[in-house]
1. Averaging sequence separations of C-alpha pairs under 8 Å and six or more residues apart, then dividing by the length of the chain, give the relative contact order as a whole percent.
2. Straight-line reach from K75: which lysines fall under 17 Å, measuring Cα to Cα and dropping same-chain residues less than 8 apart?
3. Please compute one quarter of the surface area of the Cα convex hull for region 1-53 and express it in square nanometres.
4. Could you give the size of the charge dipole of the chain about its Cα centre, using +1 on the Cβ of each K and R and -1 on the Cβ of each D and E, expressed in debye and rounded to the nearest 20?
5. What's the local net charge at A188, with K and R +1, D and E -1, over the other residues with C-beta under 11 Å away?
6. Based on the Cα atoms of region 39-180, what semi-axes does the equivalent ellipsoid have, where each is the square root of 5 times one gyration tensor eigenvalue, given in whole Å with the largest first?
7. What does the convex hull of the Cα atoms come to per residue for the chain, in Å³?
8. Would you please put 150-159, 186-195, 71-80 in order of how densely packed they are, using the mean number of other Cβ atoms within 10 angstrom per residue and starting with the highest?
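All of the numbers you see were taken from the coordinates with simple rules; none came from a lab. Since the structure is predicted, the reported quantities are computational estimates derived from the model, not experimental observations. Because the Cβ atoms are built from the backbone with ideal geometry, glycine has one as well, and the counts that use them run over all protein chains shown.
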Amino acid sequence: MAVDPLIELRDVNKYYGELHVLQDINLTVGKGEVVVVIGPSGSGKSTLCRTINRLETIQSGAIALDGQPLPEEGKALATLRADVGMVFQSFNLFAHKTVLQNVALAPVKVRGRKKDEATRRSRELLERVGLATQADKYPAQLSGGQQQRVAIARALAMEPKVMLFDEPTSALDPEMINEVLEVMQGLARDGMTMVVVTHEMGFARSAANRVVFMDAGRIVEDRAPEDFFSNPESDRAKDFLSKIL
Ligand code: ADP
Ligand code: MG
């Protein structure tokens with residue numbers, strides 16, 4: 001199966017001072033692929049996500065998005081970055097804007113969409129994440145799970161080519177985790193390219209095309225979920241799985 005690559009990292013190395021936080025990272029994510037990234041705390045998963053988005057600089061290696069090298073800075077970088085939607089553990093919604101305004105703002109400001117069009121499209125996205133009736137509320141009036149779904153709709157409003165999720169359900173009460181995972185499952189089914197850092201192994205099994213296991217700044221395994229979970233190759237992955245499953 002040859003899919004067009006959407007994200008390509010080649011021999012990427014990153015340091016924080018003395019700490020070699022990303023070590024010779026090679027990773028290709030094809031169009032429409034869902035890659036779940038797992039690994040112990042501190043292994044570099046969040047840094048990898050931020051690096052893909054160039055929220056972090058790298059010391060060596062190359063990153064390309066949809067065939068284009070990521071520019072170092074400036075307007076070209078801002079444009080490419082707008083193609084990458086990010087959803088974090090903390091939702092970071094604008095507290096003094098309504099749900100609808102939260103979703104519609106960036107398409108107008110960054111993408112230059114007309115306000116009417118952005119509003120119409122934002123309502124569709126809120127429908128898609130199951131929040132059509134909450135459009136005029138403020139974030140504080142919503143549950144954590146609902147706020148995270150707004151954050152997903154907000155990222156989708158930019159019409160990204162890829163969505164990065166960094167532990168999107170880790171801050172949620174258990175009963176709210178599924179409503180967020182279901183939205184993500186829907187995106188995956190619709191063909192969105194996704195990189196998902198998560199400890200939700202059920203999601204990894206059902207939605208991922210590949211599981212990437214990281215440890216100490218390296219990609220240790222990169223395999224189909226059924227292979228990875230039934231037969232992890234490395235001792236480090238075996239040890240990690242024995243602790244979380
Ligand atoms: P993970 O998401 O897998 O838990 P991170 O990517 O957050 O791991 O962190 C990887 C390593 O880099 C950790 O040792 C962490 O302490 C360190 N680190 C993360 N961000 C910074 C930073 N801004 N400055 C210095 N060290 C950092
Ligand atoms: Mg992290």
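1. 26 percent
2. Hits, sequence-local ones excluded: K109.
3. 4.2 nm²
4. 1000 debye
5. Working: positive: R189; negative: E33, E182, D190.
Counting the neighbours of A188, the net charge comes to -2.
6. Over the Cα atoms of region 39-180, the ellipsoid semi-axes are 27, 21, 11 Å.
7. 133 Å³
8. 150-159, 186-195, 71-80
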